[in-house]
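The block underneath contains the structure these notes are about, expressed in structure tokens.
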Amino acid sequence: MACVLICGAAADLFPGNMRSFVEFVRRQAPVVYVGSVKEVRVLQRTKFDIKAKTVVDVKEVIRSPGSNPRQASIEHSSYDEKTPILEGGPQYQLRPGVSVLIFANSFDARSPLGYLVHGDRQELLQRVDALRDTLSRISPDQLKANKITENDRRVQMSSYEKLSAFLRAAK
């Protein structure tokens, strides 16, 4: 019986810790913006992966250390009907017109991508609301274990509120 309780408690902690770690990645991103995919170019294709560069028309900047450009670019792994999805790594099948929410080190593709959400405006809004709700429920112990402070939580909650307001107002 004790094993069941301990294993059950561990199962409840693991997903929260994983979400918290990803939250740490999002919080550390100095650049956060919403945009629309303008174009996608294949940089390199192998039997197992596609390296792509995507140009994004920036619609709203939530966080930035400097100027806010009208366009940004990201490099990412992709897939298609000839190149299957790889297990274990983030791959994005982006197309012109798709909305994106990006957490990154800069607006430049040479900088590593931190976190990306893609879909239509409503899908982004649902994801942002889910991120905000999850963050609001993370316990202080989970925050501490994943190097997120209460101040980090406040900053992220503010970012999610701004994102939500923008996505609700966007047409």
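The values are calculated or read from the model by the stated rules, or taken from the named source; none is laboratory data. What you see is a predicted model; the values in this text were computed from it and never measured. Note that we place each Cβ from the backbone using ideal geometry, even for glycine, and neighbour counts take in every protein chain shown. Ligands, DNA and RNA are excluded from the accessible area calculation, which covers all protein heavy atoms including side chains. Shrake-Rupley method; radii C 1.70, N 1.55, O 1.52, S 1.80 Å.
Among the residues in segment 140-147, are any at pLDDT 90 or above and more than 22 Å from L43 (Cα to Cα)? The answer is yes; a qualifying residue exists. Taking the criterion of being open to solvent by 60 Å² or more (accessible area, probe 1.4 Å) and at pLDDT below 90, would at least one residue in segment 105-112 satisfy it? Yes, segment 105-112 has at least one match. Are any of the residues in segment 6-22 open to solvent by 20 Å² or more (accessible area, probe 1.4 Å), at pLDDT 85 or above and either in contact with a Leu (Cβ under 7 Å, 6 or more places away or on another chain) or outside any strand (DSSP E or B) (or both)? No, segment 6-22 contains no residue that is open to solvent by 20 Å² or more (accessible area, probe 1.4 Å), at pLDDT 85 or above and either in contact with a Leu (Cβ under 7 Å, 6 or more places away or on another chain) or outside any strand (DSSP E or B) (or both).
The set of residues from segment 64-104 being exposed (fewer than 15 other Cβ atoms within 10 Å of the Cβ), charged (D, E, K, R) and under 24 Å from L163 (Cβ atoms) comprises R70, R95.
Residues of segment 37-49 include none that is surrounded by fewer than 19 Cβ atoms within 10 Å (Cβ to Cβ), within 25 Å of L131 (Cα to Cα) and out of contact with any Pro (no Cβ under 6 Å at 6 or more places or on another chain).
State yes or no: is K59 within 23 Å of S164 (Cβ to Cβ) and either touching a Cys at 6+ places or on another chain (Cβ under 9 Å) or open to solvent by 70 Å² or more (accessible area, probe 1.4 Å) (or both)? Considered against the rule, which asks whether it is within 23 Å of S164 (Cβ to Cβ) and either touching a Cys at 6+ places or on another chain (Cβ under 9 Å) or open to solvent by 70 Å² or more (accessible area, probe 1.4 Å) (or both), K59 comes out as yes.
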